[in-house]
């Protein structure tokens, strides 16, 4: 179901549309700031935010399928496959086939992957802190609440879309 804007004139006709005040633009700017902080802070220059999220999801779930990783991270399955290949080439994960269904891929952390997560989590916590640095405690709670609420809306697309860096 598509809803139409409630006004009769288009934004271009009356000149009151300011893209810099639109939710998508502001979310993108905040995300770009977060990614910049991530890239400047993370000690492993080869590790992207998307790869880190995938490692965390595998740690949380234990041995799991690609579709389980895609659901947990909100990264599309094609992008997850690419991330898995890069993590596998760095020997941070082990990929095998399910004993009952050889078509199903099972992914688990390698010892090196577990070690890397342990080393990176304190930096990730600092990155989150720096991303929300100018917000007071009430604003932080409100921001996280509203982002979760926006993420969980029923009309959200069932298949997550990913950015070029593999993060949704």
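The values are calculated or read from the model by the stated rules, or taken from the named source; none is laboratory data. Just so it is clear, the model here is predicted, and its values are computed rather than measured. Note that each Cβ is placed from the backbone with ideal geometry, even for glycine, and that neighbours are counted across all protein chains shown.
Only one of 44, 101 is at pLDDT below 95 and farther than 27 Å from residue 130 by Cβ. Can you tell me which? Can you show your working first?
Details: 44 fails: farther than 27 Å from residue 130 by Cβ.
None of the other options fit; the residue is 101.
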Task: Selection from the stretch 127-168 of residues that are at pLDDT 95 or above, assigned to a loop (DSSP other than H, G, I, E, B) and within 28 Å of residue 84 (Cα to Cα) - done: none
Task: residue 91 surrounded by fewer than 19 Cβ atoms within 10 Å (Cβ to Cβ), in contact with a helix residue (DSSP H, G or I) (Cβ under 9 Å, 6 or more places away or on another chain), closer than 15 Å to residue 54 by Cα and without any contact (Cβ under 8 Å) to a residue 24 or more places away in the chain - done: yes
Open item on the list: Just to check your reading of the model, which residue among 86, 114 is more than 14 Å from residue 49 (Cβ to Cβ), touching a helix residue (DSSP H, G or I) at 6+ places or on another chain (Cβ under 8 Å) and at pLDDT 95 or above?
Closed with: 114
TODO: List every residue pair whose Cβ atoms sit under 7 Å apart, with the two residues 6 or more apart in sequence or on different chains, where the first one lies in the stretch 125-149 and is free of Cβ contacts under 8 Å to residues at least 24 places away in the same chain and on the phi < 0 side of the Ramachandran plot and the second, anywhere, is in a helix (DSSP H, G or I) and surrounded by 12 or more Cβ atoms within 10 Å (Cβ to Cβ).
DONE: 132/140; 132/143; 135/143
Open item on the list: Within the stretch 32-51, does at least one residue satisfy the condition of being more than 26 Å from residue 148 (Cβ to Cβ), free of Cβ contacts under 8 Å to residues at least 60 places away in the same chain and in contact with a strand residue (DSSP E or B) (Cβ under 7 Å, 6 or more places away or on another chain)?
Closed with: no
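For the stretch 58-71: of the residues being assigned to a helix (DSSP H, G or I) and touching a strand residue (DSSP E or B) at 6+ places or on another chain (Cβ under 8 Å), which is farthest from residue 116 (Cα to Cα)?
Taking the stretch 58-71 first, the residues assigned to a helix (DSSP H, G or I) are 58-61, 66-71.
Those still in the list that are touching a strand residue (DSSP E or B) at 6+ places or on another chain (Cβ under 8 Å) too: 58-59, 66, 69.
On the way: 58: 13, 59: 11, 66: 21, 69: 18 Å.
For the stretch 58-71, the residue satisfying everything is 66.
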Task: Verdict on residue 108 being modelled with pLDDT of 95 or more, touching a helix residue (DSSP H, G or I) at 6+ places or on another chain (Cβ under 9 Å) and surrounded by fewer than 17 Cβ atoms within 10 Å (Cβ to Cβ) - done: yes
Task: Residue list for the stretch 87-98, restricted to those being in a loop (DSSP other than H, G, I, E, B) and over 17 Å from residue 68 (Cα atoms) - done: 90, 91, 92
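Kindly evaluate residue 55 against the criterion of being at pLDDT 95 or above, within 25 Å of residue 32 (Cβ to Cβ), in contact with a strand residue (DSSP E or B) (Cβ under 6 Å, 6 or more places away or on another chain) and assigned to a helix (DSSP H, G or I).
Values: at pLDDT 95 or above: yes; within 25 Å of residue 32 (Cβ to Cβ): yes; in contact with a strand residue (DSSP E or B) (Cβ under 6 Å, 6 or more places away or on another chain): no; assigned to a helix (DSSP H, G or I): yes.
In short, no.
Considering 44, 16, which residue is in a loop (DSSP other than H, G, I, E, B) and either under 13 Å from the mean Cα position of the chain (by Cα) or surrounded by 10 or more Cβ atoms within 10 Å (Cβ to Cβ) (or both)? Working first, answer last.
On the way: 16 fails: either under 13 Å from the mean Cα position of the chain (by Cα) or surrounded by 10 or more Cβ atoms within 10 Å (Cβ to Cβ) (or both).
After applying the criteria, what remains is 44.
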